[in-house]
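Asks: What follows is a structure written as C-alpha cells; I'll ask about it next.
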Amino acid sequence: MSALLGRRAVVVGAGLGGLSVAGALADSFERIEILERDRLTAIIGSRSGTPQDRHPHALLAGGLRALDEIFPGFADDLARAGAVSVRVAQDIQFERPDFGVAPKRDFGISLLCASRPLIEFVLRHRAETTANIALRPQCRVTEIVPAKTNDAVQGVRIDAGSGSSEIIAADLVVDASGRGALTLALLDALDWQRPEVTEVGVDISYASAMVEIPPGAPSDWKLAVTFPDPPHLAWSAVLLPIEGNRWMVLVANRGVIARLETRESFLEACRSLITPTIYDALRPAEPPGGIRHYGFPASLWRHFEQLPGLPRGLLPVADALCRFNPVYGQGMSVAAKQARLLQDVSGRVLAEADPLAALQAGFMEEVASVLETPWNMSTGPDLAFPSTRGSRPEKFEEAQQFEAALFRAIVVDPVVHRALTEVGQLLQPNSLLQTPDIMRRIGAVSAGKRA
Ligand SMILES: Cc1cc2nc3c(=O)[nH]c(=O)nc-3n(C[C@H](O)[C@H](O)[C@H](O)COP(=O)(O)OP(=O)(O)OC[C@H]3O[C@@H](n4cnc5c(N)ncnc54)[C@H](O)[C@@H]3O)c2cc1C
C-alpha cells in the first residue's frame, strides 16, 4: 500500500455508490468500513433498502468502464455470473417518434445487462474480498457526528440495538445512503448553509415485469427502447435481457396512472407505445410472475459543489448528490463515475498540506463535470413535456431544435451516430456534440445534403 490519506474511512450504504467508492478509496485509507442498514445475504435477490432493485437497471458503457477500472476484472466477473452482452447500437432497437428506428451499427461498444441484484452482488463480492474493506450489514447510521470544533466530522453514530448507540470514529465519512438526509441533518445541526437544489418534477409512474424470453423472440435486437412523443404521448418503455434467459420490461407514464396489475393491462400499456415492437415481443411470453410499481417524482441535483465549503471529512456522493429520472438508466453509471473521479483525485492530493481537505475540495470542484452530461441528456427531453415542473434553461427552444436535428443526423451519418452513442453511454462529455465537425455534419443533414 502506498501513502495514505487517512486511517479510517466510513461509507454509509452498500448500494452501487457506496461499494464503488469503497473500492476507489481502498488504496488511500488503512481501513474502509461500509455500514449498511440491510441484512445482506449470500443469495442474489431484492432487499428493502433498495426498492428500485425490482426494476430494470441498465449499466451504461461509461459506468461499466469505471467499475472495471476500480475493480479490474469486474466486467469479466459480471459476464461469468450470467450478464448478457449487448453491442450498443448494433443490438439495440432504438425507437423515437421523429425518425422511427435508429440504424443498427456496430461501434465496438458493449454493455452487460443483468438484474440490479446481480450487478450489486458481483460488486459487493469484489468489495468484500478487498483486504482492507469491511462490510457491516444490519448497521444503521443514525447521525454523522461533528467534531467538537464544529467544522469537521469525527465519525458516525450507529444504532447498536436495544435503544443504545455507538460512535465509529473516521477521518472521512462518505454519505452514499441514497437520500442525503444524513448530510443535510449535519449541515442543519451545525447551522451551515444547505445546498441549492435544482429540481425537475417528472412524476413518472413505473410498472415493471420479468418474463422468460419466449421461443422465436426477435433475432435482430436484444434490447429495445421506445421513446415517448411529447407532448401528446407520454408512454415509454425499455426491454432488456438479464441473466437466466429473461427479459425485464418497464413501461412508464407521467402523472397518476392506473396500476397495471394484470398481464392484459400491462400489454395494453405496451400497445400505447409509438411502435408495436415491445408489445409484439411480449405477447408470446408466459405471463410475468408479478408486476411491480414505482413512482418517481423528481430528478434532483443538490448543489453541494456550489457551497463555500463542507465540514472537513464529509463527502456526499451518488444519489445523495444527484438523483436522475430512472427511465434513462443513468444512476448507477454516474455513481461509478463519481467513484472513479474520487480515485483520481485521491491520487493527486497526497502532497497537499491537508490531503483530506484537498480530496473533498478536489472532488467537489470536478464533480459537476461528471453530472452535467447525464443531467442535460435526461432533463432536456423531460422538460419537453409542458407538465414537467422546473425552470427551462436559457435558449431551451434552440436546444430542442438542436436535439431534433441531431437525431435526424444520426440516421444518415454514422460519425454523428457514434458521437451521440458515446455521449449517451457516458463515455464522452456532451461537448463532443458541439465540436465543429459534428456541428457541420448536423448542419449538412439539416440542409438536405450528406456531410
Ligand atoms: C425505479 C428505478 C429504476 C432505476 N433504474 C436505473 C437504471 O436503469 N440504471 C441506473 O444506472 N440507475 C437506475 N436507477 C438509479 C440507481 O438505482 C441509483 O442511482 C444507484 O443505485 C446509486 O445509488 P446510491 O448508491 O446512491 O443509492 P442506493 O443504491 O439506493 O443505495 C443506498 C444504500 O444505503 C443504505 N442506507 C440508507 N440509509 C442508511 C443508513 N442510515 N445507514 C446505513 N445504510 C443506509 C440503503 O439500504 C442502500 O443499501 C433507478 C432508480 C429507480 C428508483
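The values are calculated or read from the model by the stated rules, or taken from the named source; none is laboratory data. Note that this is a predicted model, so its numbers are computed, not measured. Cβ: placed from backbone, ideal geometry, glycine included. Neighbour counts: every protein chain shown. Side chains are part of the model used for accessible areas, which takes the heavy atoms of the whole protein and leaves out ligands, DNA and RNA. Shrake-Rupley method; radii C 1.70, N 1.55, O 1.52, S 1.80 Å.
Asks: Net charge near Ala66: determine it from the other residues with C-beta under 9 Å of the C-beta of Ala66, scoring Lys and Arg +1 and Asp and Glu -1.
Replies: Neighbourhood net charge equals +1.
Asks: Give me the percent relative contact order of region 167-264, please, defined on Cα pairs under 8 angstrom at least 6 residues apart.
Replies: 26 percent
Asks: Testing the spin-label approximation: label points 7 Å from Cα along Cα→Cβ at Ser164 and Lys104. State their distance in nm.
Replies: 6.3 nm
Asks: List the aspartates and glutamates whose Cα sits under 16 Å from the Cα of Lys395, skipping any in the same chain fewer than 8 residues away.
Replies: Output for Lys395: Asp382, Glu403.
Asks: Something else about it: Which listed residue (Leu260, Ile204, Ala217) has the Cα farthest towards the positive end of the charge dipole for region 200-297, taking +1 on Lys and Arg C-beta and -1 on Asp and Glu C-beta about the Cα centre?
Replies: Checking the options against the dipole of region 200-297, the answer is Ile204.
Asks: Hull surface divided by four, with the convex hull built on the Cα atoms of region 94-146: how many nm²? Let's see the in-between values first.
Replies: Numbers: hull surface 35.2 nm².
Over all viewing directions, region 94-146 projects a mean Cα-hull area of 8.8 nm².
Asks: How far is the Cα center of region 100-134 from the Cα center of region 48-87, in Å?
Replies: 1 Å
Asks: Sum up the charges of everything whose Cβ sits under 11 Å from the Cβ of Ile44, counting Lys and Arg as +1 and Asp and Glu as -1, but leave Ile44 out.
Replies: Counting the neighbours of Ile44, the net charge comes to 0.
Asks: Moving to a separate point now. Which whole-angstrom value gives the distance between the alpha carbon centres of region 201-248 and region 373-451?
Replies: Value for the Cα centre distance between the two parts: 23 Å.
Asks: How high is the FRET efficiency between Arg271 and Asp354 when r is their beta carbon distance and R₀ equals 60 Å, given to the nearest 0.05? Write out the running numbers ahead of the final one.
Replies: Numbers: r = 60 Å, r/R0 = 1.00.
Approximately 0.50, to the nearest 0.05.
Asks: Let me ask something else. From the phi angles alone, apply the Karplus equation (6.51, -1.76, 1.60; θ = phi - 60°) to region 121-132 and give each ³J(HN,Hα) in whole Hz, x where the residue is Gly or Pro.
Replies: Each residue's phi maps through the Karplus curve to give 4, 5, 5, 4, 4, 5, 5, 5, 8, 8, 3, 9 Hz.
Asks: On to the next question. I want the local charge near Phe107. Using Cβ-Cβ distances under 15 Å, sum +1 for each Lys or Arg and -1 for each Asp or Glu among the other residues. Please list the in-between numbers first.
Replies: On the way: positive: Arg65, Arg87, Lys104, Arg105, Arg418; negative: Asp91, Asp106, Asp413, Glu422.
Charge balance near Phe107 sits at +1.
Asks: So for the chain, considering every pair of alpha-carbon atoms, how many percent are separated by more than 41 Å?
Replies: I get 17 percent for the Cα pairs in the chain exceeding 41 Å.
Asks: Rounded, prolate or oblate: which one fits region 280-323, using the alpha carbon gyration tensor with axes a ≥ b ≥ c (rounded when a/c is under 1.5, else prolate when a/b beats b/c, else oblate)?
Replies: It is prolate, given that a/c is not under 1.5 and a/b is the larger ratio.
Asks: To continue, here is another question. Would you mind telling me the share, in percent, of accessible area of region 57-165 contributed by carbon and sulfur at probe 1.4 angstrom?
Replies: That share works out to 46 percent.
Asks: Asp203's amide H: which non-local residues (gap 5+, or another chain) put their own amide H closer than 5 Å, with H modeled 1.01 Å from N in plane and none for Pro or chain starts?
Replies: Those lying under 5 Å, H to H, from Asp203 are Ala298.
Asks: Residue by residue through region 106-112, what is 3J(HN,Hα) from phi via Karplus (6.51 cos²θ - 1.76 cosθ + 1.60, θ = phi - 60°)? Round to whole Hz and write x for glycine and proline.
Replies: 9, 9, x, 10, 10, 10, 10
Asks: In addition: Calculate, for the chain, the solvent-accessible area per residue in square angstrom, rolling a 1.4 angstrom probe over the heavy atoms of the protein chains.
Replies: 43 Å²
Asks: Give the long-range amide H neighbours of Ile109: residues separated by 5 or more places, or on another chain, with amide H under 5 Å away, using H modelled in the peptide plane at 1.01 Å from N.
Replies: Val88
Asks: Given Cβ point charges of +1 (Lys, Arg) and -1 (Asp, Glu) and nothing else, what value in debye, to the nearest 20, does the dipole of the chain about its Cα centre take? Please report the intermediate quantities before stating the final value.
Replies: Details: 45 positive and 52 negative charges, 130 e Å.
It comes to approximately 620 debye.
Asks: Can you tell me which aspartates and glutamates have their Cα less than 16 Å from the Cα of Lys104? Leave out same-chain residues fewer than eight positions away.
Replies: Cα-Cα hits under 16 Å: Asp91, Glu95, Asp220, Asp413, Glu422.
Asks: Kindly write out, for region 342-350 in residue order, the coupling ³J(HN,Hα) from the Karplus curve 6.51 cos²θ - 1.76 cosθ + 1.60 (θ = phi - 60°), rounded to whole Hz, with x marking Gly and Pro.
Replies: Whole-Hz 3J(HN,Hα) from phi for region 342-350: 4, 4, 4, 5, 4, x, 9, 9, 4.
Asks: I would also like to ask the following. Looking only at the chain, where both bridge partners belong to it, what percent of the DSSP beta bridges are antiparallel (to the nearest 5)?
Replies: Here the antiparallel bridges make up roughly 70 percent for the chain.
Asks: Of His232, Thr275, Gly244, which is farthest along the charge dipole of region 200-297 in the positive direction, counting Lys and Arg as +1 and Asp and Glu as -1 at C-beta?
Replies: Final value for the positive-end residue is His232.
Asks: Quick one: grab Rg to one decimal and Dmax as a whole number for region 200-297, Cα atoms only, in Å.
Replies: 13.0, 41
Asks: At a Förster radius of 45 Å, what calculated FRET efficiency corresponds to the Cβ-Cβ distance of Ala258 and Leu190, to the nearest 0.05?
Replies: Computed FRET efficiency for Ala258 and Leu190 comes out at 0.50.
Asks: Taking H as built 1.01 Å from N, whose amide H comes closer than 5 Å to the amide H of Ala134, not counting residues under 5 places away?
Replies: Ile32, Glu33, Ile34
Asks: Which is farthest toward the positive dipole end of region 1-83 among Val10, Leu59, Ala22, measuring Cα position about the Cα centre, with Cβ charges +1 (Lys, Arg) and -1 (Asp, Glu)?
Replies: Farthest towards the positive pole: Val10.
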